[in-house]
């Protein structure tokens with residue numbers, strides 16, 4: 001039984017990293033197909049952070065970002081969040097819709113927001129379905145919701161969930177980028193605390 | 001010289017004039033700014049959850065509305081504030097994502113605000129102004145000079161309460 005995030009050992013962390021690797025790998029493939037471009041992906045990181053460091057993790061608490069959040073239900077519960085810097089989101093949407101990148105990217109139109117939600121949906125969907133195939137767990141994502149705001153405010157949503165059980169936050173984070181245009185996205189898989197056991201057990205790790 | 005002190009998530013600080021206390025990117029969390037206008041003592045807490053009673057791990061008192069307010073008042077009195085002069089201003093408690101269902105996780109902002117007010121009224125500390133709710137993040141600063149609370153947002157302007 002995992003009782004404290006700080007008690008996870010190296011084997012646990014490696015398994016969680018591998019989950020991030022497989023999930024985000026599939027998501028990157030889906031994005032590459034969607035855009036018909038080559039997408040690079042970093043080795044995922046499992047980050048265990050104190051609350052005070054959470055808001056700065058993406059390069060500043062006040063950095064405007066686009067956050068796409070899906071709730072996860074089924075055998076595994078929790079949240080999955082896809083975060084893009086605002087500029088990156090603008091580039092991505094333009095690539096997808098075949099438009100010239102506009103200089104004014106402060107406001108997204110309704111159509112662009114809808115496109116971003118759909119990107120989040122496809123990416124999170126492929127992330128979760130690969131995780132489901134790996135573990136044989138039933139994983140049902142909700143419809144996506146999107147918020148454009150300060151990184152600190154967006155990241156506080158999953159952080160609060162961790163706050164209920166401890167004083168640290170665990171994110172499985174994967175970054176990927178699209179060649180010269182530098183679209184950097186971050187995936188945060190945030191399983192509910194109670195489902196770590198389920199996740200680790202189905203992958204054959206004794207807790 | 002004016003001290004500029006940053007308050008992190010689940011953190012609190014107090015200071016005596018001249019100083020500015022700030023916390024960045026409040027989402028569903030609530031920023032509780034306390035101020036004694038006579039002694040010019042300011043305090044700021046960035047709470048994440050309404051109550052320490054429901055939590056499995058409540059060792060960090062700055063994380064919860066109920067415990068953080070009590071401790072912040074104590075800290076302010078310790079550096080010279082007059083307990084009976086302290087007033088409060090609240091900001092934050094937004095709902096960042098608006099899913100159709102009303103799961104507990106997503107209503108946390110409103111519950112944080114309600115719990116903060118309840119604790120303040122229990123301690124007879126008047127809430128003189130607030131900027132809470134909505135669906136956007138806030139960065140706040142409390143100034144020890146006059147107790148003004150500056151609220152900065154993305155796309156919703158800057159205001160002072």
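The values are calculated or read from the model by the stated rules, or taken from the named source; none is laboratory data. Computed from a predicted model, the values in this text were never measured in an experiment. Neighbour counts are summed over all protein chains in view; Cβ atoms, including those assigned to glycine, are modelled from backbone coordinates with ideal geometry.
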Within the range B:61-161, strands (runs of 3 or more DSSP E) holding 1 or more residues that are within 15 Å of the chain's Cα centre (by Cα) and in contact (Cβ under 8 Å) with a residue 40 or more places away in the chain: B:87-92, B:127-132, B:138-143, B:149-152
Failed item, numbered, when residue B:33 is tested on (1) under 16 Å from the mean Cα position of the chain (by Cα); (2) within 14 Å of another protein chain (Cβ to nearest Cβ): (2)
Failed item, numbered, when residue A:47 is tested on (1) outside any loop (DSSP other than H, G, I, E, B); (2) in contact (Cβ under 8 Å) with a residue 24 or more places away in the chain; (3) under 15 Å from residue A:147 (Cα atoms): (3)
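Residues checked against (1) part of a helix (DSSP H, G or I); (2) surrounded by fewer than 19 Cβ atoms within 10 Å (Cβ to Cβ); (3) within 12 Å of chain B (Cβ to nearest Cβ); (4) modelled with pLDDT of 80 or more:
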{"site": "A:1", "(1), (2), (3), (4)": "no, yes, no, no"}
{"site": "A:6", "(1), (2), (3), (4)": "yes, yes, yes, no"}
{"site": "A:22", "(1), (2), (3), (4)": "yes, yes, no, yes"}
{"site": "A:25", "(1), (2), (3), (4)": "yes, yes, no, yes"}
{"site": "A:32", "(1), (2), (3), (4)": "yes, yes, no, yes"}
{"site": "A:66", "(1), (2), (3), (4)": "no, no, yes, yes"}
{"site": "A:104", "(1), (2), (3), (4)": "no, yes, no, no"}
{"site": "A:107", "(1), (2), (3), (4)": "no, yes, yes, no"}
Residue check for residue A:153: within 14 Å of chain B (Cβ to nearest Cβ) and in contact with a helix residue (DSSP H, G or I) (Cβ under 7 Å, 6 or more places away or on another chain): no
Subset tally (residues that are away from every other protein chain (no Cβ under 14 Å) and surrounded by 19 or more Cβ atoms within 10 Å (Cβ to Cβ)) for the range B:67-94: 9
Checking residue A:76 against (1) in a loop (DSSP other than H, G, I, E, B); (2) crowded, with 16+ Cβ neighbours inside 10 Å; (3) away from chain B (no Cβ under 14 Å); (4) at pLDDT below 80, the condition it does not meet: (4)
Residue within the range B:39-47 that is farther than 19 Å from residue A:157 by Cβ, within 14 Å of chain A (Cβ to nearest Cβ) and either touching a helix residue (DSSP H, G or I) at 6+ places or on another chain (Cβ under 7 Å) or at pLDDT below 90 (or both) present: yes
All positions within the range A:118-146 that are within 12 Å of chain B (Cβ to nearest Cβ) and either over 14 Å from the mean Cα position of the chain (by Cα) or assigned to a loop (DSSP other than H, G, I, E, B) (or both): A:142, A:143, A:144
Residue in the range A:170-179 that is under 28 Å from residue A:30 (Cα atoms), away from every other protein chain (no Cβ under 12 Å), part of a helix (DSSP H, G or I) and at pLDDT below 90 present: yes
Of all residues making up the range B:14-30, the number that are within 14 Å of chain A (Cβ to nearest Cβ), within 20 Å of residue B:74 (Cβ to Cβ) and surrounded by fewer than 21 Cβ atoms within 10 Å (Cβ to Cβ): 0
